[in-house]
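Colleague: Encoded as structure tokens, here's the structure I'll be asking about.
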Amino acid sequence: MKKDDRLKIQAFLDDELAPQESVKISDLIDSDLEARTVADELKSVQKLLKNGENELKLEDSRNFYWSQVHRQIEAGNSQLLRQSRPSSSSRMENPLRWILPIGSMAAIVVLMFNFNTVSPKPSNAVIPGDSTGNAASGLTESLGSAMEEEAPSRPEVGVFSFEGIWMNDRNLLESEDPSVLPESIENPER
Amino acid sequence: MPKLDIPNAADAELVTSAQKGNMEPYEELVHRHRDKIYARAFSMLRNEEEALDISQEAWVKGWQRLTQFQGNSTFTTWMTRICINLCLDLLRKKQRQKTDSIDQMDEEIGGFERKLPVEDVNPTENMELSELRQEIDKAMEKLSCEHRTVLVLHEFEQMEYREIAKSMQCSIGTVMSRLFYARRRLAKMLISLKKERQR
């Protein structure tokens, strides 16, 4: 007998075969001895297993078993809670988390403000060619020479240094003296 | 609304109450059906510790998904399905870790069950029910996990071929083949056990 036929006999007994096929297999079981023997064997196993499952009982007490389940449920609940909302500790950490970037930003803003207001030259520096009041015409040349003169003691314009801040502070204090007013105040046109 | 009489309430009433978040009715459900869930896990895994762990995990999952239970089947059927799925996950995980069993190789070449002579004797005549169950249990233990699983799902859980194929992630043909092999093997083993008893 073909393996396919055996599987069909089984499917027939399990009521899993299409009606048309069922008729054919039923005839086969009636007419073929081997087919009938296979069917009988399968039926006897089916019958045995119908009530043949061993009944098992847990030895753990009700309270102990439940306590194990309950603990896992609680653990699962708290895990879900943690996933769904930020914990109290992380909420506490939030302001602290912002301190560093805000502080850094504030420091940068302060430094940039100071950087922009740093005087490119000392208050008492004299720009050659500026005496005419036409600063724009000889700016590059005059700046170059002024920088050359100041190079050993002063940072270059556009490069930040704490010395610049210090100089700026001094400038602000000194600006009260009209004779040492910053260039921009002396020459508003610039 | 009257207070629920938990020890005497029907499963459906306990489920409805538990679905509202009440733990006490759920505890009662666990108590009522824990043996059945454990037995199903053990019948598939054949390991007491694993069966105990899986049965508890099934109850945890049951609680977490309780709101999804619509009452289309009984609560125990629903819980048993959860347990079966967890067992199948574990068996698949274990299967990946080991090479194919000799049984499976025999099945794949389609040879072993053909070599078995067809028996027409009743291997369990004159046996008490408890004795019969023990014999069946012994024989089930000797089957490979694939054959045992398909037998448990079909014979004990009354699942159709299609459902079994879906749960076990295989074809219906494979289910039929495994079931046929498992039944025949079981019949032979029970006959052997009977012969041993008669000696």
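Colleague: All but one of (1) surrounded by fewer than 16 Cβ atoms within 10 Å (Cβ to Cβ); (2) facing chain B (nearest Cβ under 10 Å); (3) of a type outside the set (Asp, Glu) hold for residue A:58; which doesn't?
Modeller: Tallying (1) surrounded by fewer than 16 Cβ atoms within 10 Å (Cβ to Cβ); (2) facing chain B (nearest Cβ under 10 Å); (3) of a type outside the set (Asp, Glu), residue A:58 fails exactly one: (1).
Colleague: Across the range B:25-68, what is the total count of residues that are in a helix (DSSP H, G or I), away from every other protein chain (no Cβ under 11 Å) and either within 14 Å of the chain's Cα centre (by Cα) or buried (at least 24 other Cβ atoms within 10 Å of the Cβ) (or both)?
Modeller: Here the count works out to 4.
Colleague: Just need a number here: residues in the range B:154-192 that are within 12 Å of chain A (Cβ to nearest Cβ), of a type outside the set (Val, Ile, Thr) and touching a residue at least 24 places away in the same chain (Cβ under 8 Å). Please lay out each step first, then the result.
Modeller: The first filter runs over the range B:154-192 and keeps only residues within 12 Å of chain A (Cβ to nearest Cβ), leaving B:154-165, B:172-191.
Applying the additional criterion that residues be of a type outside the set (Val, Ile, Thr) yields B:154-163, B:165, B:173, B:176-190.
The next check asks that each one be touching a residue at least 24 places away in the same chain (Cβ under 8 Å); those that pass are B:154, B:156-157, B:177-190.
Residues that pass the stated criteria total 17.
Colleague: What number of residues within the range B:9-24 satisfy the criterion of being part of a helix (DSSP H, G or I) and either more than 9 Å from every other protein chain (Cβ to nearest Cβ) or buried (at least 16 other Cβ atoms within 10 Å of the Cβ) (or both)? Walk me through it before giving the result.
Modeller: Residues of the range B:9-24 part of a helix (DSSP H, G or I): B:11-19, B:23-24.
If we keep only those that are either more than 9 Å from every other protein chain (Cβ to nearest Cβ) or buried (at least 16 other Cβ atoms within 10 Å of the Cβ) (or both) as well, we get B:11-19, B:24.
The total comes to 10.
Colleague: Which of the helices (runs of 4 or more DSSP H) contained wholly in the range B:124-199 include at least 1 residues that are more than 18 Å from residue B:91 (Cβ to Cβ) and small (Gly, Ala, Ser)? It would help to see each step written out before you state the result.
Modeller: Working: elements: B:129-142, B:145-151, B:161-168, B:172-198.
Here the list reads B:129-142, B:172-198.
Colleague: So, one more: In the range A:25-54, what residues are in contact with a helix residue (DSSP H, G or I) (Cβ under 8 Å, 6 or more places away or on another chain), of a type outside the set (S, T, N, Q) and facing chain B (nearest Cβ under 7 Å)?
Modeller: Listed by number, the residues that qualify are A:38, A:41, A:42, A:45, A:48, A:49, A:52, A:53.
Colleague: Inside the range A:23-39, can you point out the residues that are surrounded by fewer than 16 Cβ atoms within 10 Å (Cβ to Cβ) and in a helix (DSSP H, G or I)?
Modeller: Within the range A:23-39, the first condition is being surrounded by fewer than 16 Cβ atoms within 10 Å (Cβ to Cβ), and the residues that meet it are A:23-24, A:26-27, A:30-34.
Listed by number, the residues that qualify are A:23, A:24, A:26, A:27, A:30, A:31, A:33, A:34.
Colleague: On to the next question. Could you count how many residues in the range A:1-40 are β-branched (Val, Ile, Thr) and either in contact with an Asp or Glu (Cβ under 6 Å, 6 or more places away or on another chain) or under 18 Å from residue B:177 (Cα atoms) (or both)? Before you say what the answer is, go through the steps one by one.
Modeller: Step one: list which residues in the range A:1-40 are β-branched (Val, Ile, Thr), which gives A:9, A:23, A:25, A:29, A:37-38.
If we keep only those that are either in contact with an Asp or Glu (Cβ under 6 Å, 6 or more places away or on another chain) or under 18 Å from residue B:177 (Cα atoms) (or both) as well, we get A:9, A:25, A:37-38.
Selection size over the range A:1-40: 4.
Colleague: Going by what's in this entry, would residue B:190 be described as hydrophobic (A, V, I, L, M, F, W, C) and either modelled with pLDDT under 90 or closer than 18 Å to residue A:43 by Cα (or both)?
Modeller: Working: hydrophobic (A, V, I, L, M, F, W, C): yes; either modelled with pLDDT under 90 or closer than 18 Å to residue A:43 by Cα (or both): yes.
Yes.
Colleague: Kindly indicate which of A:45, A:69 is assigned to a helix (DSSP H, G or I) and assigned by TED's automatic domain parsing to the domain that holds residue A:13.
Modeller: Details: A:69 fails: assigned by TED's automatic domain parsing to the domain that holds residue A:13.
Going through A:45, A:69 in turn, just one is assigned to a helix (DSSP H, G or I) and assigned by TED's automatic domain parsing to the domain that holds residue A:13: A:45.
The values are calculated or read from the model by the stated rules, or taken from the named source; none is laboratory data. As the structure is a computational prediction, the values presented were derived from the model and not from experiment. As a convention, Cβ positions derive from the backbone with ideal geometry for all residues, glycine included, and neighbour counts pool all protein chains shown.
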